[in-house]
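J.: Shown below is the structure under consideration.
We did not get these values from a lab; they are worked out from the coordinates using the rules stated. Please read these numbers as outputs of a predicted model, since none were measured by experiment. Glycine gets a Cβ as well: all are built from the backbone with ideal geometry, and neighbour counts include every protein chain shown.
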Amino acid sequence: MKLLITMVVPLILASAAICGLVRRVDVYGALVQGAGEGLEVTLKILPALVGLLTAVYMLRASGALDLAAAVLGPLLTRVGIPPETVGLMLVRPISGSAALGVGSELITAYGPDSLVGRTAAVMLGSTETTFYTIAVYFGAAGITKSRYAVPAALCADLAGFLAAAWAVRVIFY
Amino acid sequence: MAMAIIWTGMVAVSILCGLLTGRGPAVAAAALDGAAAAVELCLTMAGVLCLWTGVMEIMKRAGLSELLSRLLRPVLRRLYPDFARDGAVMDSIAANVSANLLGLGNAATPLGIQAARLMSRRTPGVASDPLCMLVVCNTASIQLIPTAVAGVRLAAGCAAPFDILPAVWLASALSVCAGILAVKIFGRLWRDGG
């Protein structure tokens, strides 16, 4: 199982390429074109990350994040969430790049294979930018009465955070 | 505008807190470190991100999205019983979900919006139960391979950046189920106009 997970990347690469060839897709051309789009995405998030990581690094250095973790710590520990991730949970529903900034700072500071680093990574990977998504969808469809969409979506986010912390503990520790 | 307030708040709080705790100089140094770290992070994760968008492009051209949407349709019909017979709506929802699964965010959003527009024709201006379901399902991440996160972990020196995949799938599945359940419960309890 462990080997399979380590090999998941090369296996996906190979199966995508073979699948593509069988379907007569210009596999290499597609790969290069797609990679170019990836570069665009990277360039698009770079400016936002510069702004956000500046603020996040300042917050961490000032001790404000430790303070917030200390205040909310007992409650979060009781439900099994590492208190260090409090900042990530607060910005996650509001901004995708902010969450990526806060999360990457956690992953770098605590190490990618630490409990905090892994929990932050799984939280990032299993939740979305709720408010942005709702605004885009309802804006485009001309919906003004959103009814219970926001509370229901936040329920899903909360469940995602709890589940992320739980899954990391169950699978890795 | 929300981000403007949050960002200003973050900077103001760190200066205030830094001065109160006597860590003013550290805050000043951190401001410059953060900006440099952002560029470094982007450079190191760019490789993984580009590789994956490349692989996703292959999968898209090989027709994997269509295959996925065909497989998803029976499940989606149950999730959106009011629109089960509306071919156009079911098509766009299925394409939206499969694009989300593959992490094709740029493709998923227009498809989802198309579905939302078609669905809103029955209830103009109001988020009906199926519309809430669509939005909630889109706010719960179901991306199978979170590439950006893997890129960040790789940049932080992780030997196996994808070893979190089972945990991500588990957490995503639980989060989506919670969202669907919340929509079902809220849908029963919600009193319109109240």
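J.: Place +1 on the Cβ of every Lys and Arg and -1 on the Cβ of every Asp and Glu in the protein assembly as shown, take the dipole about the Cα centre, and give the residue among B:Thr8, A:Leu3, B:Leu154 whose Cα lies farthest towards its positive end.
T.: The residue sitting most towards the positive pole is A:Leu3.
J.: Shifting gears a bit: How many nm separate the modelled label positions at A:Arg78 and B:Arg77, each set 7 Å beyond the Cα in the direction of the Cβ?
T.: Result for the modelled spin labels: 4.7 nm.
J.: Just to confirm a number: summing +1 for Lys and Arg and -1 for Asp and Glu over residues other than B:Leu104 whose beta-carbon lies under 11 angstrom from that of B:Leu104, what do you get?
T.: Residues close to B:Leu104 contribute a combined charge of -1.
J.: Any idea what the dipole of the range B:39-188 comes to, in debye rounded to 20, about its Cα centre with Lys/Arg Cβ at +1 and Asp/Glu Cβ at -1?
T.: 540
J.: Enter the Cα centre distance for the pair the range B:90-112 and the range A:139-173, rounded to the nearest angstrom.
T.: Using only Cα atoms to place each centre, the spacing works out to 18 Å.
J.: Moving to a separate point now. Please give the helix A:27-62 orientation as an angle from the longest Cα principal axis of chain A, in degrees from 0 to 90, rounded to the nearest 10.
T.: In chain A, helix A:27-62 runs at an angle near 10 degrees to the longest axis.
J.: Another one. Between B:Lys184 and B:Ala35, what is the label-point separation in nm under the 7 Å Cα-to-beta-carbon projection?
T.: Modelled inter-label distance: 5.2 nm.
J.: Given A:Ala70, A:Val150, A:Ala163, which one lies farthest toward the positive end of the charge dipole of the range A:53-172, if we put +1 on the Cβ of every Lys and Arg and -1 on the Cβ of every Asp and Glu?
T.: Sorting the options by dipole projection puts first A:Val150.
J.: Which value, in debye to the nearest 20, describes the size of the charge dipole of the protein assembly as shown about its Cα centre when Lys and Arg Cβ atoms bear +1, Asp and Glu Cβ atoms bear -1, and nothing else is charged?
T.: Its charge dipole is roughly 1060 debye.
J.: GNM on chain A, C-alpha springs below 10 Å: top fluctuator among A:Ile107, A:Ile134, A:Ile12?
T.: Answer for the Gaussian network model of chain A: A:Ile12.
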